[in-house]
1. Within region 200-236, track down each residue that is open to solvent by 70 Å² or more (accessible area, probe 1.4 Å) and in a helix (DSSP H, G or I).
2. Looking at this structure, is ASP116 open to solvent by 40 Å² or more (accessible area, probe 1.4 Å), part of a helix (DSSP H, G or I), of a type outside the set (A, V, I, L, M) and over 27 Å from LYS227 (Cβ atoms)?
3. Out of all the residues in region 79-95, is one or more open to solvent by 30 Å² or more (accessible area, probe 1.4 Å), in contact (Cβ under 8 Å) with a residue 12 or more places away in the chain and in contact with a Ser or Thr (Cβ under 8 Å, 6 or more places away or on another chain)?
4. Name the residues in region 143-158 that are in contact (Cβ under 8 Å) with a residue 60 or more places away in the chain and in a helix (DSSP H, G or I), would you?
5. List the helices (runs of 4 or more DSSP H) that sit entirely inside region 1-63 and contain at least 1 residues that are farther than 25 Å from LEU101 by Cβ and open to solvent by less than 90 Å² (accessible area, probe 1.4 Å).
6. Consider THR164 against the criteria (1) open to solvent by 70 Å² or more (accessible area, probe 1.4 Å); (2) in contact (Cβ under 8 Å) with a residue 40 or more places away in the chain; (3) of a type in the set (Ser, Thr, Tyr); (4) assigned to a helix (DSSP H, G or I): it satisfies all of them except one. Which criterion is unmet?
7. Listed residues LEU18, LEU49, LEU24; which is among the hydrophobic types (A, V, I, L, M, F, W, C), touching a residue at least 24 places away in the same chain (Cβ under 8 Å) and in contact with a Leu (Cβ under 7 Å, 6 or more places away or on another chain)?
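The values are calculated or read from the model by the stated rules, or taken from the named source; none is laboratory data. Keep in mind that this is a model prediction, so the values were computed, not measured. Note that we place each Cβ from the backbone using ideal geometry, even for glycine, and neighbour counts take in every protein chain shown. Areas reflect the complete protein model, heavy atoms only, side chains present, ligands, DNA and RNA absent. Shrake-Rupley method; radii C 1.70, N 1.55, O 1.52, S 1.80 Å.
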Amino acid sequence: MRKARFATPPFEQSFRALIESGQLPPADLIQQYDAATQAWKDGNPSEALAGLQKMAAGPWGEDAAEELERRRGVAAQFAALQLSRNAGGFVDQLLAFRESLDVDEDVYFVRATAADLSLQRDKVIARAQDDMNRARTLWQEYRSNGAIDASQRIETSISDQFRTRAHLLAEASRYAQQSFLIYSQVDTAGAAQWTGVRDEIESEAREQRSRLHDLSNVVEPGLLKTKLALLGDPNE
């Protein structure tokens with residue numbers, strides 16, 4: 001809404017009508033949200049949370065309360081991260097925390113953990129490489145056993161063969177995505193060498209899900225849903 005600008009009168013009128021009818025928040029509420037967000041970005045969580053707390057009691061309170069809970073969760077995770085700095089699982093916690101952040105809204109926390117990420121760079125890269133190695137191993141096993149074929153997709157139950165192959169493909173995809181996500185935080189150039197492998201895995205996963213969707217009029221809905229979930233379909 002901050003960026004919305006309409007030059008054509010009918011669009012401008014419709015935009016105002018949506019605000020006046022309560023389907024979009026009014027300007028004063030946007031200003032309150034902006035103030036709370038700026039405090040959040042500046043590293044003043046108490047002020048930011050207090051601002052959202054006030055908004056949660058008024059119009060659009062449900063939306064404000066949802067964002068309030070999200071930011072409380074971020075603040076709590078950050079505090080827990082500081083306490084676990086010397087713990088064995090610190091790298092995992094650091095990566096999980098940074099992956100959960102909104103790069104625009106949570107910019108303060110992105111910057112606040114940048115130094116830790118730099119200090120742990122070698123361990124982080126090793127973790128990314130380990131995940132890619134797992135993805136490659138699973139992918140090779142999937143290809144060696146043979147891809148999921150039409151007879152397995154159209155089965156009226158889930159065979160052990162389908163389940164095994166779907167698991168290999170879904171896990172290969174998950175580890176490849178996870179590897180690139182980790183690489184993106186410390187060494188995007190290092191990930192480039194594995195782009196081909198990741199793209200092959202993702203292409204096969206998309207193709208298998210697409211072919212299953214094509215069978216929606218043939219395969220029983222519940223069974224289709226289960227098969228798609230086994231393939232790691234994000235919508236199932």
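1. GLU200, ARG206, GLU207, ARG211, HIS213, PRO221, LYS225
2. no
3. yes
4. ALA150, ARG153
5. Values: elements: 9-20, 27-41, 45-55.
Helices (runs of 4 or more DSSP H) meeting the threshold: 9-20, 27-41.
6. (2)
7. LEU49
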